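Take a look at the structure below.
The values are calculated or read from the model by the stated rules, or taken from the named source; none is laboratory data. Predicted, not measured: the structure shown is a model, and the values here were computed from it. All Cβ positions, even for glycine, are placed from backbone atoms using ideal geometry, and neighbour counts span all protein chains on display. With ligands, DNA and RNA removed, areas are computed over all heavy atoms of the protein, side chains included. Shrake-Rupley method; radii C 1.70, N 1.55, O 1.52, S 1.80 Å.
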Amino acid sequence: MPRLKPQPRGQPELNRPASSSFLFSLYGNDANSPRALKWAAKGTVPITLSPYNPFELGNALRFAEFLGVIRHGEAAMFWAQFESAVQAGRLLRPPCNLADVLDEATRLSGTHTLGGGHRGFDILHVAAALVLRGGPISHLRFRPEEAR
């Protein structure tokens with residue numbers, strides 16, 4: 001299962017952000033797809049998308065089709081499933097001030113990248129989740145380096 005930090009006691013879980021790799025597993029087709037689908041089948045809270053998730057997922061789907069990792073036409077099919085989940089409310093796309101996200105990402109990078117070696121896009125996702133949530137987060141993710 002994805003590594004999930006528990007929600008603090010007494011604080012209801014309203015939504016949960018996800019890495020784009022988790023979303024690819026959920027709406028694409030990779031080795032982690034069975035685990036992502038099992039998580040989704042539990043009918044848990046909606047996933048909150050960062051402003052970057054749709055771009056990164058769409059690009060990843062098209063790139064996977066280009067590489068032959070998924071079959072011709074599957075990128076469009078998986079994208080339609082993603083869009084359907086947005087329309088159904090399983091994925092939330094709240095408005096987000098990108099200037100605030102960039103300020104938070106700059107702060108996070110200055111504080112954590114030298115000690116942890118984090119990729120810029122991963123930092124942007126975490127910063128967006130922090131700005132959207134207004135506090136601590138627990139990300140849905142599969143890649144261990146996303147937990148640092």
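A single member of LEU108, LEU132 is open to solvent by less than 70 Å² (accessible area, probe 1.4 Å), under 18 Å from PHE55 (Cβ atoms) and either modelled with pLDDT of 90 or more or assigned to a helix (DSSP H, G or I) (or both), and it is LEU132.
Which of the residues belonging to region 16-36 are assigned to a helix (DSSP H, G or I) and in contact (Cβ under 8 Å) with a residue 12 or more places away in the chain?
Just the residues of region 16-36 that are assigned to a helix (DSSP H, G or I), to begin with: 20-27, 33-36.
If the condition is that a residue be assigned to a helix (DSSP H, G or I) and in contact (Cβ under 8 Å) with a residue 12 or more places away in the chain, then SER20, SER21, PHE22, LEU23, PHE24, SER25, LEU26, TYR27, ARG35, ALA36 are the ones that fit.
You will find that of GLY10, GLY73, GLY43, the residue that is modelled with pLDDT of 95 or more, out of contact with any Leu (no Cβ under 8 Å at 6 or more places or on another chain) and not hydrophobic (A, V, I, L, M, F, W, C) is GLY73 and no other. Here region 41-75 is the region considered, the condition is being in a helix (DSSP H, G or I) and open to solvent by 70 Å² or more (accessible area, probe 1.4 Å), and the residue that is nearest to ARG16 (Cα to Cα) is ALA41.
Residues that are open to solvent by 50 Å² or more (accessible area, probe 1.4 Å) and over 20 Å from SER19 (Cβ atoms) within region 79-99 comprise ALA80, SER84, GLN87, ALA88, PRO95, ASN97, ALA99, listed in sequence order.
Here ARG148 meets the list (1) closer than 25 Å to LEU37 by Cα; (2) at pLDDT 85 or above almost entirely, failing just condition (2). Across region 78-105, the number of residues qualifying as within 19 Å of the chain's Cα centre (by Cα) and in a helix (DSSP H, G or I) comes to 17.
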